[in-house]
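The values are calculated or read from the model by the stated rules, or taken from the named source; none is laboratory data. Every value quoted in this text rests on a predicted model; they were computed, and no experiment measured them. As a convention, Cβ positions derive from the backbone with ideal geometry for all residues, glycine included, and neighbour counts pool all protein chains shown. Only protein heavy atoms, including side chains, enter the accessible area calculation; ligands, DNA and RNA are left aside. Shrake-Rupley method; radii C 1.70, N 1.55, O 1.52, S 1.80 Å.
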Amino acid sequence: APKTPSVTVRPSGEIEEGSSVTLSCSSDANPAAEYTWFKNNQPLPWEPSQPHTFPSVRPEDRGTYRCQAENQYGLLSSNSIFMDVQ
């Protein structure tokens, strides 16, 4: 089954409106995991590939994000990360 996935935000620190932001989800899984992203616990219609980039982040993108890693042996959710947009 997948190991507990982790979410990272690049750049770290303050995120300014209009900047490019990348959310990554990683998990150690064999076979490879498929990822589902959630914002404020609602599933997002993002491609399951990694990572996800906001080319120009907006205030409405502010929220709590997490990802879920799933393969045929199991399903695990990551930590949640709050993305603030200044």
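I'd like the carbon and sulfur percentage of the solvent accessible area for the chain, probe radius 1.4 Å, heavy atoms only, ligands and nucleic acids excluded.
Details: 2390 of 5120 Å².
It is 47 percent, rounded to a whole number.
Summing Lys, Arg as +1 and Asp, Glu as -1, what charge do residues with Cβ under 13 Å from the Cβ of Thr4 carry, Thr4 excluded? Can you show the working numbers first?
On the way: positive: Lys3, Arg66; negative: Asp28, Glu70.
Within the 13 Å Cβ shell, the charges total 0.
Its Cα centre serving as origin, the chain has a Cβ charge dipole (Lys and Arg +1, Asp and Glu -1) of approximately 160 debye.
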